[in-house]
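Working notes, structure below.
Every number here is computed from the coordinates shown, using simple stated rules; none is lab data. All of these numbers come straight from a predicted model, not from anything done at the bench. Here the Cβ positions follow ideal geometry from the backbone for every residue, glycine too, while neighbour counts run over all protein chains shown.
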Amino acid sequence: MSVNCIVFRFPALPGVCCAFQTRGNSAGDTAFAGNISFSVGDDADRVRANRQELLDHLRPYGLESWAELQQVHGDGFIVEPERVSCAAEPKTEGDGMATTRPGQGLLIKTADCQPILLAHKGGRHVAALHAGWRGNRCNFPLTAVARFCERYDLRPADLVAVRGPSLGPERAEFINFEREWGEDFRPWFDPASKTMDLWGLTRSQLQEAGLPARQIYGLDLCTMSNHEHFFSYRQSRQTGRQASLIWICPE
């Protein structure tokens with residue numbers, strides 16, 4: 001089997017399900033085993049097979065299809081995106097999505113960037129964000145929460161969030177901090193190691209958006225430190241992408 005997942009459920013919210021894919025363990029090219037992205041140089045037929053296997057693997061949890069974006073490391077946020085076939089590449093650009101459609105997952109692709117999955121406590125609204133360091137720099141977690149809440153008339157205090165496996169604080173090196181970040185982000189920078197606490201920064205941005213600290217969860221698994229289990233672009237430039245998904249379970 002080339003596709004495996006960590007399934008996550010928010011406390012007291014059984015009608016919403018999240019899944020974080022782990023690196024595949026199939027025979028063949030280990031750089032891409034389990035990869036679900038068409039844009040990293042992997043064989044297209046193998047990518048389609050991995051994507052179909054991922055969907056089939058999660059069907060028992062209520063996933064029927066998914067929406068997906070061509071991620072561009074920006075702050076584009078799409079409401080009620082259309083379904084994307086397992087066999088097709090996404091065409092719509094953006095880095096965040098929201099939906100109210102039961103059974104339709106929101107799929108984020110990462111290999112060190114942060115997948116951030118959001119749900120309303122009512123269980124009828126979910127969102128998914130792709131936050132690379134540029135997304136943090138433009139405060140995408142905050143602006144996406146604002147747009148999510150505005151579109152559906154929600155209160156940020158009624159949201160829960162989980163951040164998936166991504167580049168950990170000890171491995172997120174930025175040797176050009178002043179040029180790439182600037183003074184506003186110094187509280188999350190360690191000048192001795194030249195590393196950024198991106199996990200802490202995301203938590204701060206979500207709290208600034210209005211989410212209570214106790215409603216923000218994190219899978220503190222560093223993709224680079226655990227590259228045998230997750231794709232990591234910083235570990236190997238030629239590598240695949242893993243999926244993170246959130247969906248409303250059909251009744």
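As a proxy for reagent exposure, Met97, Met196 were ordered by neighbouring Cβ count within 10 angstrom, fewest first; the result is Met196, Met97. Entry note, the chain: the mean residue ellipticity at 222 nm calculated from DSSP H runs of n ≥ 4, each adding -39500 (n - 2.57), is -5500 deg cm²/dmol after division by the residues and rounding to the nearest 500.
Counting beta carbons within 10 Å around each of Val16, Val7 and listing the fewest first gives the order Val7, Val16. Distance between Cα centroids, the stretch 112-135 to the stretch 181-233: provide it in whole Å. Answer, in whole Å: 14.
For the stretch 95-137, the spread of Cα coordinates along the three principal axes comes to 30, 17, 12 Å, biggest extent given first.
With each label modelled as a point 7 angstrom along the Cα→C-beta vector, the Gln238-Gln70 pair spans 2.4 nm. Computed over the alpha carbons of the stretch 153-236, Rg followed by Dmax gives 14.5, 44 Å.
Over the stretch 1-122, the fraction of Cα-Cα pairs per 5 Å bin, rounded to whole percents and listed from the shortest bin up, is 2, 10, 21, 24, 22, 14, 5, 2, 0.
Using all pairs of distinct alpha-carbon atoms, the Kirkwood hydrodynamic radius of the stretch 192-251 works out to 14.4 angstrom.
Remark: the stretch 32-94 projects, on average over all directions, an area of 4.8 nm² (convex hull of Cα atoms).
Quote the convex hull volume per residue of the stretch 97-251, based on C-alpha atoms, as a whole number of Å³.
Values: hull volume 17.3 nm³, N = 155.
Residue-normalised Cα hull volume stands at 112 Å³.
Length available on full extension from Leu219 to Ile175: 0.36 nm per residue minus the Cα-Cα distance, which gives 13.2 nm.
Between the beta carbons of Ala88 and Ser193, assuming R0 = 25 Å, the FRET efficiency works out to 0.05 to the nearest 0.05.
Roughly what % of Cα-Cα distances in the stretch 45-176 sit above 21 Å, to the whole percent? Walk me through the numbers before you get to the answer.
Numbers: 3630 of 8646 pairs.
Value for the stretch 45-176: 42 percent of Cα pairs lie more than 21 Å apart.
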